Amino acid sequence: MIKKNVVEKTSADQEKFLALLNQKKLKFTYERRHIFEEIERLNDHFDADSLYERLKKKGYRIARDTVYRTLPLLLESGMIQKSAGAGKRDYFERVSIKGHHDHMICIQTGKIIEFHSDEIEKLQDEIAHKHGFKIIFHDHRIFGLSKEAQAASANEG
Ligand SMILES: [Zn+2]
Ligand SMILES: [Zn+2]
């Protein structure tokens with residue numbers, strides 16, 4: 001990263017992303033910059049295609065493929081985490097909004113419950129460590145039936 005005299009506001013997220021790119025000998029290209037900046041503006045969960053559409057609407061010339069290939073880098077940098085949503089596609093959200101958390105997904109109603117457990121996080125680290133495994137990122141999702149879905153099926157019976 002070239003230091004300039006002009007003080008540029010770099011966020012913690014940007015510093016992490018730049019450090020990762022540097023480590024991988026990748027450049028902060030036009031495409032990566034605009035993908036990064038667009039995500040910085042998002043406050044809700046998103047998927048690759050909706051992000052691509054937003055960029056396209058704003059007139060950035062970025063291929064859909066590039067969006068798909070940039071998201072894993074942002075995941076690895078810790079700026080975003082996998083989220084949950086309807087269907088099979090991958091959803092993402094910025095970690096800085098709510099902090100790291102995992103999801104429970106009701107397969108009947110689509111309800112998503114967010115949770116965080118220090119104990120689970122700690123256990124995951126310990127298990128990975130035991131296997132000599134270096135965690136890059138994780139998304140822990142539990143699929144099942146919400147209270148509402150269980151009540152609805154009980155009423156049917
Ligand atoms: Zn979430
Ligand atoms: Zn977690």
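Take the stretch 88-111 and flag every residue that is more than 9 Å from ligand 1 (Cβ to nearest atom) and hydroxyl-bearing (Ser, Thr, Tyr). Break it down stepwise before answering.
Applying the first criterion (more than 9 Å from ligand 1 (Cβ to nearest atom)) to the stretch 88-111 yields 88-90, 92, 94-96, 99-100, 104-111.
Selection gives Ser96, Thr109.
Please identify the pairs in which a residue from the stretch 140-155 that is within 24 Å of Glu119 (Cα to Cα) has its Cβ atom under 6 Å from the Cβ atom of a residue that is loosely packed, with under 12 Cβ neighbours inside 10 Å, counting only partners at least 6 apart or on another chain.
If the second residue must be loosely packed, with under 12 Cβ neighbours inside 10 Å, the pairs left are Phe143/Ile107.
May I ask you to list the residues in the stretch 122-157 that are within 19 Å of Pro72 (Cβ to Cβ) and out of contact with any Leu (no Cβ under 7 Å at 6 or more places or on another chain)?
Selection gives Ala128, Phe133, Lys134, Ile135, Ile136, His138, Asp139, His140, Arg141.
Out of all the residues in the stretch 74-93, which are away from ligand 2 (no atom under 15 Å from the Cβ) and of a type in the set (Lys, Arg)?
Residues satisfying the conditions are Lys88, Arg89.
Readers should treat all values here as calculations from the given coordinates under stated rules, not as data from a laboratory. Here the structure is a predicted model, which means the values were calculated and not measured. Note that we place each Cβ from the backbone using ideal geometry, even for glycine, and neighbour counts take in every protein chain shown.
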